[in-house]
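Engineer: Below: one structure in structure tokens.
The values are calculated or read from the model by the stated rules, or taken from the named source; none is laboratory data. The model shown is predicted, which means the values in this text are computed figures rather than measured ones. Every residue, glycine as well, gets a Cβ built from its backbone with ideal geometry; the counts of neighbours run over all protein chains shown.
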Amino acid sequence: MKKEEPKKLTRKQQRLAWRAHQINVIGLCSVVLVGTLFMWFGKRPTYSEEEKRDLAKRPKFTVSSYLDGSFTADYATYFNDSVPLRSFFKHRIAAFRDHLGFTDDVEIHGQVPVKKDDGQPVSETTAPETETVETLPAAAVPAATEAMTEPPVTEPEEEEDADGEMANDIFIVKNRGLMLYGGGYKTGQHYAEILNRYHQELGSGVNIYSLVAPTSVTYYMPKKYADMSASEPDNIDNINNYLSGVTPVDVYNALLPHKKEDIYMRTDHHWSSLGAYYAAEEFAKTAGVPFTPLSDYEKVSMDGYVGTLYGFSGSSKLKDNPETFTYYVPQNSYTCTYYDTDMTNEREAPLFLNPENLDPASWYLVFMGGDERITHLKTDTRNGRRVCIIKDSYGNAMVPTLTGSFEDIWVVDMRYFDLNIISFLQEHGITDVVFAMNTFSATGGNSNKLETLLNQ
């Protein structure tokens, strides 16, 4: 059977087809040109409010960096990390992925952290014999030390086997983000040994406390995914067993009865002001100082908070389910003075920033405005106790809760301090030092900052 030959296009049809082809080519070239110009000349952000970090900076060109390949690698990182309208595109892509149904029961966009629980944690029977725990003055530590060695009254309730997803190393479940913990017994031992050096250099007249806070993964990780994260309580116990002359503060068991309360933020990696309050209460009990009941604070709540875990993950489940940000303002009298990290530029200012002047993603900065300053509170509490809180950002929310417990409160972020810490503590007559930080800092690189403070 003879095949039918295709019909030839008329001249008019050929002209129309050619014009359509030209329009397509011009349109495609225009999109590429505009996109290229936008990428090269658009304003590149330098800081991510959602992720609370500085974005990659343009690398400087050198012949050596070009030849060894580091310049091109760093430039690619800069180019990708600081895309113009970065936040806008992250939001749109996250919404588009969810619209297409790209999230299954469990979805991994990043890598699951490698657990660093090297070896076994020490127990009280296997701790080095050379490390004896020295007893602090009875007035400073009233009987609370014994209670901390007892097993918890209640065990954590097992989370129901809810489905979740991974997004850039963040586990999303029930509209809550959880940072998976890698652990590290050797790093925890090193952290404890650094704290022991503080005790040795300051002497027995200064009380030293280790307050290592678990993060939300300990309390809210579904049982069927528990193996994806190392045990924070085990790592904290490991630290405590290496302490010598340093008193541990049992935050894990202090928070456990309050698990069903809003003690951690859902969309942010920090605990809430309420969680910090319960931790500070346990510290005050351990230190033997008074503590103000929560009913004596002014409660301030703001709706619409979406914190760092959305910035880390890009998950629309977090963005589309904002939470209430609540903090508590003490009503007793105090003055708040700030200094630069070398104790210069003294200025008096409020302890709390006005949240109306902050982007909602930055509401955690309401406590002292962040980390990069030294803070001093002079309170109306007259008990001769002067505390220095050496912290990461978890310690910020604790500061307001201790204005009824100490006469003087000094606050130092271990990442932003330019003086010798021992001289600083002695100069200000510090009676109590509490190291307040989460497990990621205590068993991670931040712990090295504490050693730096001793040597600079």
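Residue-wise test of (1) touching a residue at least 24 places away in the same chain (Cβ under 8 Å); (2) crowded, with 19+ Cβ neighbours inside 10 Å.
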site: Pro322; (1), (2): yes, no
site: Thr337; (1), (2): yes, no
site: Thr344; (1), (2): no, no
site: Ala349; (1), (2): no, no
site: Glu356; (1), (2): no, no
site: Ala361; (1), (2): yes, yes
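Engineer: From the list Thr326, Thr292, Thr286, which one is at pLDDT 95 or above, assigned to a loop (DSSP other than H, G, I, E, B) and either of a type in the set (Val, Ile, Thr) or closer than 15 Å to Tyr219 by Cα (or both)?
Structural biologist: Result of the check over Thr326, Thr292, Thr286: Thr292.
Engineer: Criterion first (touching a helix residue (DSSP H, G or I) at 6+ places or on another chain (Cβ under 9 Å) and hydrophobic (A, V, I, L, M, F, W, C)) does Ala349 satisfy it?
Structural biologist: no
Engineer: Looking at Asp234, Asp250 in this structure, which one is modelled with pLDDT of 95 or more, of a type outside the set (A, V, I, L, M, F, W, C) and out of contact with any Phe, Trp or Tyr (no Cβ under 9 Å at 6 or more places or on another chain)?
Structural biologist: Residue meeting the stated conditions: Asp250.
Engineer: Quick one: Phe435 ticks every box in (1) under 18 Å from the mean Cα position of the chain (by Cα); (2) more than 18 Å from Tyr198 (Cβ to Cβ) except a single one, so which number is it?
Structural biologist: The one condition Phe435 does not meet is (2).
Engineer: Among the residues of region 381-408, which ones are in a loop (DSSP other than H, G, I, E, B), in contact with a strand residue (DSSP E or B) (Cβ under 9 Å, 6 or more places away or on another chain) and under 18 Å from Asp432 (Cβ atoms)?
Structural biologist: Thr381, Arg385, Thr403, Gly404, Ser405, Phe406, Glu407, listed by residue number.
Engineer: Name the residues in region 311-338 that are hydroxyl-bearing (Ser, Thr, Tyr) and under 23 Å from the mean Cα position of the chain (by Cα), would you?
Structural biologist: Matches in region 311-338: Ser313, Ser315, Ser316, Thr324, Thr326, Tyr327, Tyr328, Tyr338.
Engineer: Being charged (D, E, K, R) and in contact with a helix residue (DSSP H, G or I) (Cβ under 8 Å, 6 or more places away or on another chain) is the requirement here; does Lys299 meet it?
Structural biologist: So Lys299 fails the test.
Engineer: Another question about this same structure. Mind checking whether some residue in region 416-425 is within 24 Å of Val217 (Cα to Cα) and either part of a helix (DSSP H, G or I) or modelled with pLDDT of 95 or more (or both)? Show your work before the answer.
Structural biologist: Going residue by residue through region 416-425, those that are within 24 Å of Val217 (Cα to Cα) are none.
Looking through region 416-425, none of the residues is within 24 Å of Val217 (Cα to Cα) and either part of a helix (DSSP H, G or I) or modelled with pLDDT of 95 or more (or both).
Engineer: Report the residue count in region 184-222 for those that are closer than 15 Å to Ile236 by Cβ and aliphatic (A, V, I, L, M).
Structural biologist: 6
Engineer: How do the pairs read when you match residues in region 397-416 that are more than 25 Å from Leu454 (Cα to Cα) with residues anywhere that are surrounded by fewer than 24 Cβ atoms within 10 Å (Cβ to Cβ) and of a type in the set (A, V, I, L, M), using Cβ under 6 Å and keeping only pairs 6 or more apart or on different chains?
Structural biologist: Pairs that qualify, where the first residue is more than 25 Å from Leu454 (Cα to Cα) and the partner is surrounded by fewer than 24 Cβ atoms within 10 Å (Cβ to Cβ) and of a type in the set (A, V, I, L, M), are Ser405/Ala284; Ser405/Val289.
Engineer: Also, I was wondering about something else. Within region 338-362, count every residue that is within 19 Å of Asn420 (Cα to Cα), part of a loop (DSSP other than H, G, I, E, B), touching a strand residue (DSSP E or B) at 6+ places or on another chain (Cβ under 7 Å) and not charged (D, E, K, R).
Structural biologist: 3
Engineer: I've got another one for you. Restricting to region 207-236, count the residues that are under 14 Å from Tyr185 (Cβ atoms) and in contact with a Pro (Cβ under 6 Å, 6 or more places away or on another chain).
Structural biologist: Looking only at that region, the number is 2.
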